[in-house]
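Participant: Structure incoming, see below.
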Protein chains: 2
Amino acid sequence: MASPPEIRIRSVGTELPGPPVDNDALVRRLRMPSQAKDWIEAFIGTRTRHFGFDLETGEVNDSLTDMGEAAGRRALKAAGAEPGQIDLLVMGTSTPDTLLPTTASQIADRLGIDSVPVYQLQSGCTGAMQAMAVASQLLRGGGYRNALVLGADTTAKYFDLDAPVKSLNSGAQVATVMFGDAAGATVLSADPDATGPVLRSVFSRLVGLNRAPGHTMNWYAATKPDPDEDIAGEDYKAIEQLVPQMSVEILDELLAEQSWKAEELDYVLPPQLSGVMTGKIARLLAQTVPGAQEVSCVLDTGNTANALPFLQLELLLPMLRPGQRAVAVSVESSKWIKAGFALELEG
Amino acid sequence: MASPPEIRIRSVGTELPGPPVDNDALVRRLRMPSQAKDWIEAFIGTRTRHFGFDLETGEVNDSLTDMGEAAGRRALKAAGAEPGQIDLLVMGTSTPDTLLPTTASQIADRLGIDSVPVYQLQSGCTGAMQAMAVASQLLRGGGYRNALVLGADTTAKYFDLDAPVKSLNSGAQVATVMFGDAAGATVLSADPDATGPVLRSVFSRLVGLNRAPGHTMNWYAATKPDPDEDIAGEDYKAIEQLVPQMSVEILDELLAEQSWKAEELDYVLPPQLSGVMTGKIARLLAQTVPGAQEVSCVLDTGNTANALPFLQLELLLPMLRPGQRAVAVSVESSKWIKAGFALELEG
């Protein structure tokens, strides 16, 4: 038996719906107090985000399926791949359009991908890594050549534009200004003729034992929401305390696993929780890898959860020169998952 | 490199919450017309089902996490496996307790499973096969030895006990009497010392191209449900037309793939949509494998979606003699997925 093939990132495609929404527009529409804008800039730091819904009417113009289809189509086109050449689809999201059918199935249908396994992972901020880990391990096992990997999230169902923001708990208020909508996709390939950076490693690992969830998203169907129960919650203190430290551990682990010296790392893709938090974490990571350039988009996109690493990859790939190396770091705070990947453009 | 290891089913564990609820009790509680009981018996055929909530008060006594924990604990105990020996957890469900954290993470926490990849697939009736396919391929790829695979569903959020049943569309009325709550689990192992039947094959494959969804489950968060939009829908005609034919194709495919003659199959695990439909499909499959014994539980449990194949496996394993073979068949009607597995107890 031959040794397992290298997995390459053949292409990346992304979708950011609608125009950027700045803090002025958000504060005005949500009838937040006038000091909210200063508060967002000081404590969140995100400047703009995109929404798949019309901020005035709430009407959804770009569903998760729409965004995922657009990103997937761009990734296929950039790879020069036909839908019939995709023999595995894996998607990560926390906010599917419907519970059934899965959004992954709907996107496959729109793209003309059929007669292959289609998996949708229920996942938070580490969903892109989870989907890439599953896809790359299935590719490595043989039987599949090209996988379309997607990550996307939408805030539409969590934005009640008619509800006064001050009725929300503080965690939900933070979430309102921290998140944005987006989709991303990549074609991963085990084809020996494929070009693109080699995915040297990708992992995700639950580290939540006996730790309370740092982030909660509830849902309802026919039954009425319990008025005493929050629809979403955010333990920002726990996130502030744990995410930076876990980020350093993930970077250290990937460098050690690849036997890469700190000075051999060219780019670092840090977690993208908020502008302020990403800034803090990037400065912390820079203590380990001072020569690595930070690749971030959170100031412009907000936290787009499952879509984020794809947005960062789209910024990275045109910069990546032969011989260069990058590490991406992600932490899921809902029940605490460490995740990351390491890639290298051979040369 | 050695050839990939055999994957064995070391154990199965299941959980059916509360007492069985018969059609009399269901019809009475939902204030259905008196002829509804005859209609359920004639067209659905299910006799009892279990619910994780109290049918009188609606109070949830057994959440998806509770049921999954119980099933997982039984599977671990039956395998004689410690939580620390599990190095991968994969769960399928269409109805997680919360969107984040995932129910898979919560169950891992309760069982003491940590520092391993935990994946939750958003899936319908083929979710058990999807989870088994992902887990067994990751096990086969090396790096993991034992995987806990879970499948579970709960109807709690779709039962509005205060709403008059006649306000529901006909699809939702069918769903009300067709589904039940349950969880199942299995320990899959790539350990050469493991005992139990060998999982010869397991697959799931989207076949939904250009086909409308046959089953829809919507969800809400902060936004109000659109009164014109159904929370759940069922195209029972499409299901009646497509599922039997697809079931025959899945059986044929697995027999051909394994080079098993029809008379060499000892057990068949058919889809478990409803008592009536399973009866029809079992008779159709018997035309191909007249000597194979049907293993079904739907009359007693209703359709428990992601949990079902585990309930069938629990009935099968004590009957399975050395040299015997079984095939399980499942179809997901939401966006049409074919799935199945083949197993054999060596002897």
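Participant: Checking residue B:238 against (1) at negative phi; (2) surrounded by fewer than 18 Cβ atoms within 10 Å (Cβ to Cβ); (3) within 11 Å of another protein chain (Cβ to nearest Cβ): exactly one of these is not met. Which one?
Facilitator: In the conditions (1) at negative phi; (2) surrounded by fewer than 18 Cβ atoms within 10 Å (Cβ to Cβ); (3) within 11 Å of another protein chain (Cβ to nearest Cβ), residue B:238 misses (3) alone.
Participant: When only residues in the range A:193-207 that are over 22 Å from residue A:333 (Cα atoms) and assigned to a loop (DSSP other than H, G, I, E, B) count, which is farthest from the chain's Cα centre (by Cα)?
Facilitator: Filtering the range A:193-207 for residues that are over 22 Å from residue A:333 (Cα atoms) and assigned to a loop (DSSP other than H, G, I, E, B), the one farthest from the chain's Cα centre (by Cα) comes out as A:193.
Participant: Quick test of your reading of the structure: residue B:105 fulfils all but one of (1) outside any helix (DSSP H, G or I); (2) at the interface with chain A (Cβ under 7 Å from one of its Cβ atoms). Name the failing condition by number.
Facilitator: Here residue B:105 meets the rest and fails (1).
Participant: Also, I was wondering about something else. Within the range B:210-232, track down each residue that is surrounded by 21 or more Cβ atoms within 10 Å (Cβ to Cβ) and either more than 8 Å from chain A (Cβ to nearest Cβ) or touching a His at 6+ places or on another chain (Cβ under 9 Å) (or both).
Facilitator: B:214, B:232
Participant: Among the residues of the range A:3-40, write down those that are over 21 Å from the mean Cα position of the chain (by Cα) and assigned to a loop (DSSP other than H, G, I, E, B).
Facilitator: Within the range A:3-40, the subset over 21 Å from the mean Cα position of the chain (by Cα) is A:3-6, A:23-40.
A:3, A:4, A:5, A:6, A:30, A:31, A:32, A:33, A:34, A:35 - these are the residues of the range A:3-40 that are over 21 Å from the mean Cα position of the chain (by Cα) and assigned to a loop (DSSP other than H, G, I, E, B).
Participant: Assess whether residue B:71 counts as being of a type in the set (A, V, I, L, M), more than 10 Å from chain A (Cβ to nearest Cβ) and more than 28 Å from residue A:339 (Cβ to Cβ).
Facilitator: no
Participant: Can I ask one more? Would you point out which residue out of B:262, B:232, B:212 is touching a residue at least 24 places away in the same chain (Cβ under 8 Å), aliphatic (A, V, I, L, M) and closer than 14 Å to residue B:124 by Cβ?
Facilitator: Testing whether each residue is touching a residue at least 24 places away in the same chain (Cβ under 8 Å), aliphatic (A, V, I, L, M) and closer than 14 Å to residue B:124 by Cβ leaves just B:232.
Participant: Then there's this: In the range A:299-327, which residue that is assigned to a loop (DSSP other than H, G, I, E, B) and not hydrophobic (A, V, I, L, M, F, W, C) is nearest to the chain's Cα centre (by Cα)? Walk me through it before giving the result.
Facilitator: Restricting attention to the range A:299-327, the residues satisfying the condition of being assigned to a loop (DSSP other than H, G, I, E, B) are A:302, A:304, A:317-324.
Pick out the ones that are also not hydrophobic (A, V, I, L, M, F, W, C) and you get A:302, A:304, A:318, A:321-324.
Details: A:302: 11, A:304: 6, A:318: 19, A:321: 24, A:322: 26, A:323: 26, A:324: 23 Å.
Result: A:304.
Participant: Additional query: Please verify whether the range A:83-92 includes one or more residues that are out of contact with any Pro (no Cβ under 8 Å at 6 or more places or on another chain) and away from chain B (no Cβ under 14 Å).
Facilitator: Yes.
Participant: Return only the number of the condition from (1) out of contact with any helix residue (DSSP H, G or I) (no Cβ under 7 Å at 6 or more places or on another chain); (2) more than 11 Å from chain A (Cβ to nearest Cβ); (3) modelled with pLDDT of 95 or more that residue B:122 does not satisfy.
Facilitator: Status for residue B:122: all satisfied but (2).
Participant: If you check every pair at least six apart or on different chains, which have Cβ atoms under 6 Å apart with a residue in the range B:91-119 that is at pLDDT 95 or above first and a residue that is acidic (Asp, Glu) second?
Facilitator: B:93/B:153; B:94/B:153; B:95/B:153; B:103/B:97; B:107/B:69; B:110/B:69; B:116/B:87
Participant: Of everything in the range A:146-192, what is more than 12 Å from chain B (Cβ to nearest Cβ), of a type in the set (A, V, I, L, M, F, W, C), within 18 Å of residue B:100 (Cβ to Cβ) and outside any strand (DSSP E or B)? Give them in sequence order.
Facilitator: Matches in the range A:146-192: A:174, A:178.
Participant: Tell me, please, whether a residue that is under 29 Å from residue A:118 (Cα atoms) and surrounded by fewer than 23 Cβ atoms within 10 Å (Cβ to Cβ) can be found in the range B:124-135.
Facilitator: no
Participant: Report, by residue number, each residue of the range A:41-72 that is assigned to a helix (DSSP H, G or I) and surrounded by fewer than 18 Cβ atoms within 10 Å (Cβ to Cβ). Even if it seems obvious, please write down each step before you answer.
Facilitator: Our first condition is that a residue be assigned to a helix (DSSP H, G or I); within the range A:41-72, this holds for A:41-44, A:64-72.
Scanning the range A:41-72 gives A:41, A:42, A:43.
The values are calculated or read from the model by the stated rules, or taken from the named source; none is laboratory data. Quick caveat: nothing in here was measured; it's all calculated off a predicted structure. Cβ sites come from the backbone with ideal geometry, for glycine too, and all protein chains shown count toward neighbours.
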